[in-house]
1. When you scan the stretch 325-339, how many residues do you find that are more than 23 Å from residue 283 (Cα to Cα) and buried (at least 17 other Cβ atoms within 10 Å of the Cβ)?
2. Out of (1) surrounded by 19 or more Cβ atoms within 10 Å (Cβ to Cβ); (2) within 17 Å of the chain's Cα centre (by Cα); (3) among the acidic types (Asp, Glu), what's the single condition that is false for residue 346?
3. If you take the residues in the stretch 15-30 that are modelled with pLDDT of 85 or more and outside any loop (DSSP other than H, G, I, E, B), which one is surrounded by the most Cβ atoms within 10 Å (Cβ to Cβ)?
4. I need the full set of residues from the stretch 178-212 which are acidic (Asp, Glu), out of contact with any helix residue (DSSP H, G or I) (no Cβ under 8 Å at 6 or more places or on another chain) and under 15 Å from residue 132 (Cα atoms), in order please.
5. Of the numbered conditions (1) of a type in the set (Phe, Trp, Tyr); (2) within 21 Å of residue 272 (Cα to Cα); (3) surrounded by fewer than 19 Cβ atoms within 10 Å (Cβ to Cβ), residue 312 fails exactly one; give the number of that condition.
6. Give the residue that is farthest from residue 50 (Cα to Cα), with candidates limited to residues of the stretch 114-129 that are touching a helix residue (DSSP H, G or I) at 6+ places or on another chain (Cβ under 6 Å) and surrounded by 21 or more Cβ atoms within 10 Å (Cβ to Cβ).
7. Please state which of the following conditions residue 240 fails to meet, knowing it meets all the rest: (1) charged (D, E, K, R); (2) surrounded by fewer than 22 Cβ atoms within 10 Å (Cβ to Cβ); (3) under 30 Å from residue 37 (Cα atoms); (4) touching a strand residue (DSSP E or B) at 6+ places or on another chain (Cβ under 7 Å).
8. Would you mind listing the helices (runs of 4 or more DSSP H) fully within the stretch 37-134 where at least 3 residues are in contact with a strand residue (DSSP E or B) (Cβ under 6 Å, 6 or more places away or on another chain) and modelled with pLDDT of 95 or more?
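The values are calculated or read from the model by the stated rules, or taken from the named source; none is laboratory data. All figures in this text were calculated on a predicted structure; none of them were measured in a lab. Quick reminder, even Gly has a Cβ in these numbers, built from the backbone with ideal geometry, and neighbours come from all protein chains shown.
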Amino acid sequence: MVSQPTTVALIVAAGSGSRAGGTQPKQFRHVRGKPMLWHSYAALAAHPLIDQVYVAIGAEQEAGAMAALADCKEPILLQGGATRRESVYLGLQVIAATQKVDQVLIHDAARPFLSSKVIDDLLDALSFAPGAVPALPVVDSLARGTDILSETVERENLWRIQTPQAFAFQAIYTAHQSWTGAEPTDDARMLMAQGSDVRIVPGAEALNKFTFSSDFAGNNMTSFRSGNGFDVHRLVPNAELWLCGVQIPHDKGLDGHSDADVAMHALTDAILGAIAKGDIGDHFPPSDLQWRGASSDQFLAHAMKLARADGFELSNADVTIICEQPKIGPYRGKMRERLAEIMAVDVDKISVKATTTEMLGFTGRGEGIAAQVTATFEKI
């Protein structure tokens, strides 16, 4: 079996951001309710193929970086340099001395709105070349001149290069070690100078760089999407009872699609509703025998992958389980932890609670269990 390559990310966040104005470096200024650095760190840290995220910061910026990443898991900060290239090189040196790495993504903190789709495409491209960059075609007319236009520049095959840029680790590390030229425009140029190919993958308008104070205008309005999910399953003897990915001792279990985890099914539908991607039956038809008895965590993980591919990150999910028995309270903590693990989010974004129907209806008679979920996503 082929082993999964070890992949890390390096965020360059050592600049002063003087052109953006303000009283603090732009990577710590708030955009859509969070510090700019937080957005790219959260996107990279949540990606299932990225093992570790490093952040290169400037002198005396540790307090600002730690505050910006206060709700993130174990950020690894390292000292950057006076230029972007120096910061990247210092970061690569630390990474090389810390662990064995196969691939690295190098990203600018000034491009906060990174989707998992771009990350996926970059990592896929490394199967064909030692480097890959996201890029958008130039669509505006181009010309040379000072006060007077002198000539038009053909825009065919011209690209706007973005980050993150992905590399085979040793290839880009060697390129930095041997570089003797002027400050390069990006890391891909350094790899190309070694005679290596760099592939282009589709970039995203959301990845545009924040440079001037005007770039912050209009980007502090957070865009939210919400979806609702509801599901019901019958209680039957001689079956296991799974709720929110946790097996619960009970004299009956739920009957239905896959393992019949009614709460996880409702949560999956809520996510799909928020991103307008149909419902669980569209993606995992009950008529398809391969899903009979399958663990519902596959459905939930798939829905989260679709959400992130569209540039959405979970703000919170509120799960309500409706039943008379069993009592949910003793298992709520484990349920929240399990859902957070599957969804690759912090546990404080997950709420699980329970209620009864006061002995009324099918849940009151103990014939089944229902679940209702609201999931809210933020556009990143």
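1. Kept after step one, since they are more than 23 Å from residue 283 (Cα to Cα), are these residues of the stretch 325-339: 325-337.
Applying the additional criterion that residues be buried (at least 17 other Cβ atoms within 10 Å of the Cβ) yields 326, 328, 331-332, 335-336.
So the count comes out to 6.
2. (1)
3. Taking the candidates together, the pick is 27.
4. Residues of the stretch 178-212 that are acidic (Asp, Glu), as a first pass: 183, 186-187, 197, 205.
When the remaining residues are screened for being out of contact with any helix residue (DSSP H, G or I) (no Cβ under 8 Å at 6 or more places or on another chain), the result is 186, 197, 205.
Passing the criteria: 186, 197.
5. Going through the list (1) of a type in the set (Phe, Trp, Tyr); (2) within 21 Å of residue 272 (Cα to Cα); (3) surrounded by fewer than 19 Cβ atoms within 10 Å (Cβ to Cβ), residue 312 breaks only (3).
6. Restricting attention to the stretch 114-129, the residues satisfying the condition of being touching a helix residue (DSSP H, G or I) at 6+ places or on another chain (Cβ under 6 Å) are 114, 116-117.
With the extra rule that they be surrounded by 21 or more Cβ atoms within 10 Å (Cβ to Cβ), the set shrinks to 114, 116.
Numbers: 114: 14, 116: 11 Å.
By that ranking, first place goes to 114.
7. Among (1) charged (D, E, K, R); (2) surrounded by fewer than 22 Cβ atoms within 10 Å (Cβ to Cβ); (3) under 30 Å from residue 37 (Cα atoms); (4) touching a strand residue (DSSP E or B) at 6+ places or on another chain (Cβ under 7 Å), the lone unmet condition for residue 240 is (3).
8. Details: elements: 62-68, 84-98, 116-125.
The qualifying helices (runs of 4 or more DSSP H) are 84-98, 116-125.
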